[in-house]
1. Among the residues of the range A:15-40, which ones are within 16 Å of the ligand (Cβ to nearest atom) and assigned to a loop (DSSP other than H, G, I, E, B)?
2. So which residues in the range B:142-164 are of a type outside the set (Gly, Ala, Ser) and farther than 20 Å from B:PHE310 by Cα?
3. Select from the range A:55-69 the residues that are of a type outside the set (Ser, Thr, Tyr) and open to solvent by 20 Å² or more (accessible area, probe 1.4 Å) and write down the one among them that is nearest to the other protein chains (Cβ to nearest Cβ).
4. Could you grab me the full set of residues in the range B:137-159 that are at the interface with another protein chain (Cβ under 7 Å from one of its Cβ atoms) and open to solvent by 20 Å² or more (accessible area, probe 1.4 Å)?
5. May I ask you to say which residue of B:SER221, B:SER248 is open to solvent by 10 Å² or more (accessible area, probe 1.4 Å), polar (S, T, N, Q) and either touching a residue at least 12 places away in the same chain (Cβ under 8 Å) or within 14 Å of chain A (Cβ to nearest Cβ) (or both)?
6. Could you list, in sequence order, the residues of the range A:49-69 that are farther than 16 Å from A:LEU14 by Cβ, within 14 Å of the ligand (Cβ to nearest atom) and among the polar types (S, T, N, Q)?
7. Give the number of residues within the range B:99-130 that are modelled with pLDDT of 90 or more and within 9 Å of another protein chain (Cβ to nearest Cβ).
8. Those residues that are of a type in the set (Val, Ile, Thr), more than 7 Å from every other protein chain (Cβ to nearest Cβ) and surrounded by fewer than 20 Cβ atoms within 10 Å (Cβ to Cβ), I need them from the range A:87-114; list them, please.
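The values are calculated or read from the model by the stated rules, or taken from the named source; none is laboratory data. Predicted model, so just to flag it, every value in this text is computed and none were measured. With ideal geometry, Cβ positions are generated from the backbone for all residues, glycine too; neighbour counts draw on all protein chains shown. Surface areas here come from the heavy atoms of the whole protein model, side chains and all, with no ligands, DNA or RNA. Shrake-Rupley method; radii C 1.70, N 1.55, O 1.52, S 1.80 Å.
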Amino acid sequence: MTAEKKPVPHETELSKPYWDAARQGVLKIQKCSNCGTVRHYPQLVCVECYSREYGWTETSGKSTLHSWTIAHHAFHAAFRDELPYILATVDLEEGPRALGRLVGIEAQDLKIGLPLRYSFVSDENGTPILTFHPAG
Amino acid sequence: MSLSGKGAITGIGETVYARGSTRPALDLQIEASLKAIEDAGLSPRDIDGVIPIGITGAPAEEFIHNFGIEDLKFSAVNPIGGASGIASVQTALSLIDSGVCNHVLIPAGRNTSIGAKAGARIHTMPQFHYVTEFELPLGAVSPAQLYAPMARRHMELFGTTSLQFAQVAIAMRAHAVLHDNAVMKKPMTVEDHQNSRMITDPYRLFDCSLESDGGAALVVSSAERARDMKQPRVQVIGIAEGHPDSPSSITQRHDMTKLGLSKAAPRAFAQAGIKPDDIDVAEIYDCFTYQVICQIEDMGFCKKGEGGPFVENGRLQLGGALPTNTHGGLLSQAHMLGMNHIVELVRQLRGQGGRTQVAGAEVGLATGYGDLGDGSIAIMARA
Ligand SMILES: [Zn+2]
C-alpha cells in the first residue's frame, strides 16, 4: 500500500533559495530590499512598496502556535504510517506564518501561543520537512 | 446602481444525486440543463449565454453542439470553486442587465466516482500553488486538513465545541431524510456525530461533506421577462462575491476566522435593503460543519464568535428561527458545488419545497464557498 511516494515540492526559481536554506536546516523568508518588509510564502513583489527587489533573511526561530489540526486519516497513502500527526500553523517572530509538523507534545497540551522552535527533518525523498517542537 | 431586482432565476434542474454513478460528467450536465430549460418554459435554442461551473464543467462549445445554439453571445468561467455558482449568477445578471444576453445557462455536473477525489484535484489548480509547494509535502493533502485549523482557532478563541458542529450536521441530515433527492437517508443523532471517526481534528467524519455524482443547472433571465415565464418569479435582490485576505493561503491569513463572505455579505444585504433577521430560509455552503457557523457570523446573523451557541436548540432545523439547508446540503444531500443550494432556494421561494418547504418563505439566501475561503451570496425574493 505505501509503495506510493510522498509528494515532492515543485521548486521554482522564486522559491529555490527557501529550499536551499531548508536543506541546510535554516528557515529563510523574503525581505524587501527597498522597505524591509518581510514576507512568506515567496512572491514576486512587495505588497507595501511594490518593489521587485528582495533578498532572503534568516528567521530567529522564535515562534508560537497559532492553530493546528491532528490528522487521523491518510488522504495520501504515503502518510498512513505516520498517523496521527499534527499540522501546526505557527506565528514567526518576524510576522509571517509557517505551516509545519509539530512533534514532542501531547494533544491535550496544545494551546494558542505555545512557544516553539524549529528544525528541518529530511523525508524519504530528501525533502526538508519543517518541524516544530515545544521551546521549553 | 446595483443588480438588485434586475434578474430572476427562471429555470432550475437537477439529476438524481448518487454515489457510484457510471455516467460521464457531461451527460449529467446535459440532463440537468435540459430540465432547467424546460422548467423555464424555454427551448435549448433560446440560451444565448453559458457559464459552466467548476473544473468538471464542460466548455460552452459542448452546449452549442448538443443544443444547436446558433448564436451564443457569451461564455466564461468563474474559477472560485464552490463560490462559482453564485458568482456566475452575478455574471449572468450583469450580462442580462447590459443587454448582452437574454437567457444564461449555468450548468454543473460531476462524477467523482470515475473522476479525481477532492484531495488530489486541488493540487492541480493554480490557486492552490502555495499549498501544493509548501504544505502538501508536510501531509496537508485535503481541504479538510487545510480548513481544520480555521475551526480549531475558532474553538480556542471563542469556546466553540464539537457538540455545536453536531447541531449543524444533524439539522442537515434531518432535512435530507425528508427530501426526495438526497443521498443520506439515515437519521443522525448528536451521539452518532460524536461517535463518527476523527478525520482531522476537530473534524469528524460527520463534519465532512459528501463526494457525489450528479448535475444541477440554472437559467437566469431578466426580471421583466420572468414576469411572463412559466414559473413563479424568484428575483435576485442582492448578490456579491468576496475574496478573503491571503486568498491562496489560509496559513498566512491575518484573521483565519473570517472568510471572503464577510466582505460580500454586507454588500448583498445593502443591495437587498434587508437585514439578516428578514431571512426566512438559508441555504449555506456546508463543505464542513464549522464553515456554516463561520458563515452565519460573517453574514451578521450574530457576532463573530457567537456562531456556536447560535446553531444550538434546533435553530437551523425546520421550525427553527433560521431553517438552513432544507435539502440536506453538501453534508447530507449531495456535494454539487453549491449549485444544489441555489436550486433549493429557488424551489423554496416558489413554494415547491415539498416535505421540507418552509411555510410562507418569501425571502431567502444562498451562499457559496470556494477553494481557500472565497465567498459568494445571493439574496432572493418571490415577487
Ligand atoms: Zn517593500
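1. Matches in the range A:15-40: A:SER33, A:ASN34, A:CYS35, A:GLY36, A:THR37, A:HIS40.
2. B:PRO143, B:GLN145, B:LEU146, B:TYR147, B:PRO149
3. Here the residue is A:TRP56.
4. Within the range B:137-159, the subset at the interface with another protein chain (Cβ under 7 Å from one of its Cβ atoms) is B:137-142, B:145, B:148-149, B:152-153, B:156.
Those that are at the interface with another protein chain (Cβ under 7 Å from one of its Cβ atoms) and open to solvent by 20 Å² or more (accessible area, probe 1.4 Å): B:ARG152, B:ARG153, B:GLU156.
5. Only one candidate qualifies: B:SER248.
6. none
7. To start, the set of residues in the range B:99-130 that are modelled with pLDDT of 90 or more comprises B:99-111, B:128-130.
Now restrict to residues that are within 9 Å of another protein chain (Cβ to nearest Cβ): B:129-130.
Number of matching residues: 2.
8. A:VAL103, A:ILE105
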